[in-house]
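S.K.: Pasting in a structure now, in structure tokens, and then I'll have a few things to ask.
The values are calculated or read from the model by the stated rules, or taken from the named source; none is laboratory data. Quantities reported herein were computed from a predicted structural model and do not represent experimental measurements. Every residue, glycine among them, receives a Cβ derived from its backbone with ideal geometry; neighbour counts consider all protein chains shown. Quick note on the areas: whole protein, heavy atoms, side chains included, nothing else; ligands and nucleic acids left out. Shrake-Rupley method; radii C 1.70, N 1.55, O 1.52, S 1.80 Å.
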Amino acid sequence: MKRCSIKGCPGEYESKTISHLVNREGKAIIIENVPAAVCPICGDTLLSLDTVEAIEKMLLSLGEPDHTVPVYEMPVKVKAA
């Protein structure tokens with residue numbers, strides 16, 4: 001596989017399947033079993049052009065979701081690090 005593209009990371013990408021989050025028209029959509037190259041050291045993730053095109057095509061013809069999940073918002077009082 002290819003060496004990680006993050007500066008200073010010694011990792012090499014590995015083929016994995018991931019869950020990919022897409023924000024479409026203000027709605028969160030999770031796509032499972034997406035093929036990706038993932039660095040095991042820093043977690044950097046790459047999607048191939050074919051995968052991105054397949055996701056875009058899928059988003060144009062969405063039917064009913066396979067699953068639904070609860071969504072929670074972080075309280076406003078919490079400060080970022």
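S.K.: Can you pull out the residues in the stretch 1-28 that are of a type in the set (Lys, Arg), under 14 Å from the mean Cα position of the chain (by Cα) and surrounded by 10 or more Cβ atoms within 10 Å (Cβ to Cβ)?
M.R.: Answer for the stretch 1-28, where residues must be of a type in the set (Lys, Arg), under 14 Å from the mean Cα position of the chain (by Cα) and surrounded by 10 or more Cβ atoms within 10 Å (Cβ to Cβ): just Lys16.
S.K.: Quick check: anything in the stretch 65-72 open to solvent by 60 Å² or more (accessible area, probe 1.4 Å) and of a type in the set (A, V, I, L, M, F, W, C)?
M.R.: The answer is yes; a qualifying residue exists.
S.K.: Separate question: Consider the stretch 25-49. How many of its residues are in a loop (DSSP other than H, G, I, E, B) and among the β-branched types (Val, Ile, Thr)? Let's see the steps before the verdict.
M.R.: Step one: filter the stretch 25-49 for residues in a loop (DSSP other than H, G, I, E, B), giving 25-26, 39-44, 47-48.
So of that shortlist, the ones also among the β-branched types (Val, Ile, Thr) come out as 41.
Adding up the residues that qualify gives 1.
S.K.: Would you mind stating whether Leu49 is more than 18 Å from Gly11 (Cα to Cα), within 16 Å of the chain's Cα centre (by Cα) and at pLDDT 95 or above?
M.R.: So Leu49 fits the description; yes.
S.K.: Being at pLDDT below 95 and open to solvent by less than 80 Å² (accessible area, probe 1.4 Å) is the filter here, so list the residues in the stretch 29-43 that pass it.
M.R.: If the condition is that a residue be at pLDDT below 95 and open to solvent by less than 80 Å² (accessible area, probe 1.4 Å), then Ile29, Ile31 are the ones that fit.
S.K.: Scan Val71, Val22, Val52 and give me the residue that is touching a strand residue (DSSP E or B) at 6+ places or on another chain (Cβ under 9 Å), not acidic (Asp, Glu) and not in a loop (DSSP other than H, G, I, E, B).
M.R.: Exactly one residue qualifies, and that residue is Val22.
S.K.: Something else about it: Determine which member of the set Lys16, Lys7 is among the basic types (Lys, Arg) and outside any strand (DSSP E or B).
M.R.: Lys7
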